[in-house]
Amino acid sequence: MLKQWINLTFVFCAFVSTTSQADNYTKTQYPIVLVHGMAMYDDILGISGWYSIPRELRSGGAEVYVVQVSALNSTELRGEQLARQVETILASSGAEKVNLIGHSHGSPTSRYLAAIYPQYVASVTSVGGVNWGSPVADKIAADLAEGTDGARQMLAVMQKWGDIINQLTDNPLPQDYIEEINALTTEKALAFNQIYPEGMPTEYCGEGEQVGESGIYYFSWAGSKPVTHLADMLDWGLMLSARMIDEPNDGLVAACSAHLGTVIRDDFRMNHMDLVDQLFGLHSRRDTDPAVVYRQHANRLKLIGL
């Protein structure tokens, strides 16, 4: 009887220990701040622009904040908007710094904050980040400069989308589609990198320093499959835009363009929107679930004391 009791006690303790570890798997020292990309948002009608990712990170103990910056505007303007929100997060949470995870345009936006306000930032992670620009943006910018009918129609649609985001998020931010596209061109991205080089590889498709001179850690990952789920209507548009890029890409950004700091992977079977678990979690079943990648990364940050 005593032996059975001891065995049961051992099993119970092991269960409690395992459960405790699971509950703290993503519990980083500093809060995680998710920074969206072009034409995206924090939350609309109760649905996160990151779908299940904030929930999954919180389920393991992470303190997560999803910010809203201009969906369409320059990197510098978005960066200053981000700075004001991070200041509020630090004040309300009592944290000394934050871990920034930026998707698409959210990557250079986060890099701007890290450069101008390094005291606020523990780490920057680029997810499908437009760090070297995008040929898709180059083509759109050229069409806008020419004033083609298609470019004018897209301008009107995107400006309206910016207004809709403002209304649905109840956050009247300045929206400028032309500024947004220009910021993502190769020319503008390279100029931005000259001013804010920390974490950037010295050559295309290389890796940057994991820890910059400011003490900030840098990481990145990317997808390389424009079409991953036939039921996802976003994939069809990404399939078309992918034709503008003559190297592995996620439909909008080349895998190598997303490199920043330590490259975790640049060949996930994910497209640009899979990287934020959209559309509504539809993605390839032949690779890691997007939310799992974020959980693993939060654990990575936790283990190095961030």
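Distance from the Cα centroid of segment 270-287 to that of segment 161-201 is 23 Å (rounded to whole angstrom). Where a ≥ b ≥ c are the square roots of the eigenvalues of the C-alpha gyration tensor, would you call segment 65-219 rounded, which needs a/c under 1.5, or, failing that, prolate if a/b is larger than b/c, or oblate? Since a/c reaches 1.5 but b/c is at least a/b, the shape of segment 65-219 is classed as oblate.
Less than 5 angstrom separates the built amide H of residue 266 from those of 222, all sequence-distant by 5 or more or on a different chain.
Which longest uninterrupted range of the chain lacks any chymotrypsin sites (Phe, Trp or Tyr not before Pro) assigned by DSSP to a loop state (not H, G, I, E or B) and surrounded by at most 13 other Cβ atoms within 10 Å?
Values: sites that count: 204, 280.
Formally, the longest exposed-site-free interval is 1-203.
Compared with the alpha-carbon gap, the fully stretched path from residue 303 to residue 161 is longer by 47.1 nm at 0.36 nm per residue. The calculated FRET efficiency for the pair residue 231 and residue 119, based on their C-beta separation and a Förster distance of 45 Å, comes to about 0.50.
For segment 106-255, what is the accessible area per residue in Å² when the probe is 1.4 Å? Intermediate results must be reported in sequence, preceding the final value.
Values: 7120 Å² over 150 residues.
Accessible area per residue: 47 Å².
For the chain, the longest principal axis of the Cα atoms and the long axis of helix 149-169 meet at an angle of about 40 degrees. Between segment 221-263 and segment 64-83, the alpha-carbon centres lie 23 Å apart. Measuring nothing but protein heavy atoms, the accessible surface of the chain at 1.4 Å probe radius is 58 percent carbon and sulfur. Amide H to amide H, with H built 1.01 Å from N, residue 122 comes under 5 Å of 98, 99, 100, counting only residues 5 or more places away or on other chains. If the chain linking residue 170 and residue 92 were pulled fully straight, counting 0.36 nm for each residue of separation and taking away their Cα-Cα distance, it would gain 26.0 nm. Averaging 1/r across all pairs of distinct Cα atoms in the chain and inverting the result yields a Kirkwood radius of 19.8 Å.
Return the calculated 222 nm mean residue ellipticity for the chain, to the nearest 500 deg cm²/dmol, obtained by summing -39500 (n - 2.57) across DSSP H runs with n ≥ 4 and dividing by the residue count. Mind dumping the intermediate values first?
Values: 10 runs with 132 residues, N = 306.
Estimated from H runs of four or more residues: -13500 deg cm²/dmol.
First check a/c for segment 201-300, with a ≥ b ≥ c the square roots of the eigenvalues of its C-alpha gyration tensor; if it is under 1.5, answer rounded, and if not, answer prolate when a/b is larger than b/c or oblate otherwise. Please list the in-between numbers first.
Details: a/c = 2.88, a/b = 1.48, b/c = 1.95.
Oblate shape, in that a/c is at least 1.5 and b/c is the bigger or equal ratio.
What is the angle, in °, between the Cα long axis of helix 135-146 and the longest principal axis of the Cα atoms in the chain? Nearest 10 is fine, range 0 to 90. Taking the Cα atoms of the chain, the angle to 135-146 is about 30 degrees. Dipole orientation for the chain: of the candidates 48, 237, 195, 48 has the Cα lying most toward the positive pole (charges on Cβ; Lys, Arg +1; Asp, Glu -1). Across the chain, the relative contact order, built from alpha-carbon pairs under 8 Å that are at least six residues apart, equals 21 percent. For the chain, the share of DSSP beta bridges that are antiparallel, to the nearest 5, is 15%.
Under 5 Å between amide hydrogens, built in the peptide plane, is the criterion, and for residue 43 it picks out 49 among residues at least 5 positions away or on other chains.
When GluC sites (Glu not before Pro) are flagged only if DSSP places them in a loop and at most 10 other Cβ atoms lie within 10 Å, the longest unflagged stretch of the chain comes out as 1-202. Under the classification rounded if a/c is under 1.5, otherwise prolate if a/b is larger than b/c and oblate if not, where does segment 178-238 fall, given a ≥ b ≥ c as square roots of the Cα gyration tensor eigenvalues? Note, shape of segment 178-238 comes out oblate. Rounded to 0.05, the FRET efficiency of the residue 23 and residue 209 pair, given R0 = 22 Å and the Cβ-Cβ distance, is 0.10.
Looking only at trypsin sites (Lys or Arg not before Pro) in DSSP loops with at most 10 other Cβ atoms within 10 Å, what is the longest site-free stretch of the chain? Spell out each step's value before the answer.
Details: sites that count: 285, 286.
Of all site-free stretches, the longest is 1-284.
The values are calculated or read from the model by the stated rules, or taken from the named source; none is laboratory data. Keep in mind it's a predicted model, so treat the numbers as computed, not measured. Ideal geometry is used to build each Cβ from the backbone, glycine not excepted, and the neighbour counts take in all protein chains shown. Ligands, DNA and RNA are excluded from the accessible area calculation, which covers all protein heavy atoms including side chains. Shrake-Rupley method; radii C 1.70, N 1.55, O 1.52, S 1.80 Å.
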